[in-house]
Amino acid sequence: MSSNAALRKVQWLINAKKGGHSGALDPIATGILPLSFGDASKFSQAWLESDKTYVTDMQLGVVTDSYDIEGEIVARNNVPSITLEQVQALLDAHFTGAIEQTPPAFSALKVDGKPLYELARAGDPRALEEMAKKRRTITVFHAKALSLDGDMLKLEYKVSKGTYIRSLVHDLGQLLGCGGHIQTLRRIQHGPFTIDQCVDWDAALAHAKDYLQPIGTGINAPKFVVGEQFITPIMNGNPIKDERFAGEAGTYQLRDVNDRFLGLAEVSSTGEVKPRRLVQKDALS
């Protein structure tokens, strides 16, 4: 099932007019897929920009064209005698901090309106050319070697938006001299959400409405509590001035005195509060 199919099914179950997901999972991936509905969809960009943590099983010695188990095998190599400590040393030296990454050819990045994976599957030579063009800087907050059992290596990565774990695994395999690919991939943290907060698919289908969270859940911007006298101008999109926030410029989440989420605002260094994106008034009642 695609991430979009999962979204549409739940959206139908709860009869929501709008819906969105915050970061698709690869076809083989499991784990966290945050869904938002109605007015909450306006604020899901905050989740899209969030860091994420993955656990993956890497098979050493077998290289595939897609860097994962779904691809065609392109090489088989002997696996050298290595220890978990040696793998961790490589992760610390080459896969931690800000690094340059080339996305895999089998990705959803667009080329002339077409996903890169379509070019790769068709054997189009432009796929490799476009991969190089789309090289980007990503951040690996931590990379951990969790276990090593024969040719199976379990890894955990916490990474910034836009990181391809498949590419990290592929590049590690090249450094180890034997290659490798992803067997399994599980997202266990997505911004403010962790895997233990999730509900499984069967429960979601049976009791979807029971698991809905309030608008504003997971928004980790600092709070700005709007006084009652300012609710109307703020909700009409008008800026207000609050000297308490002078010198504290940045993005804030707006809340009323009852802790209802009103939206997001930019606060200037002079204490001017400018609404940026607001909940519809009828969603507050």
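Every read-out reported here was derived from the displayed coordinates using simple, explicitly stated rules and does not represent laboratory data. Everything numeric in this text was worked out from a predicted model, so none of it was measured. Virtual Cβ from ideal backbone geometry, glycine too; neighbours counted across all protein chains shown.
Starting from the Cα of D92, step 7 Å along the direction of its Cβ; do the same at H207; then give the gap between the two resulting points in nm.
4.5 nm
Can you give the longest run of the chain that contains no GluC sites (Glu not before Pro) sitting in a DSSP loop with at most 15 other Cβ atoms inside 10 Å?
73-247
Hey, fewest Cβ within 10 Å first, where do H190, H94 land in order?
H94, H190
Once you've got the GNM for the chain with C-alpha springs shorter than 10 Å, pick whichever of V87, V199, V159 has the biggest mean-square fluctuation.
Comparing V87, V199, V159 in a Gaussian network model of the chain, the most mobile one is V199.
Using helices alone, I'd like the mean residue ellipticity at 222 nm for the chain: each DSSP H run of four-plus residues gives -39500 (n - 2.57), total over residue count, nearest 500.
-6500 deg cm²/dmol
Which distance in Å, rounded to a whole number, links the C-alpha centroids of the stretch 1-20 and the stretch 200-242?
Here the two parts' Cα centres lie 20 Å apart.
Using the structure shown, list the pairs from K158/K223; K42/K274; K17/K274; K18/K158; K9/K209 with a Cα-Cα distance above 20 Å, or answer none.
Listed pairs above 20 Å: K158/K223; K17/K274; K18/K158.
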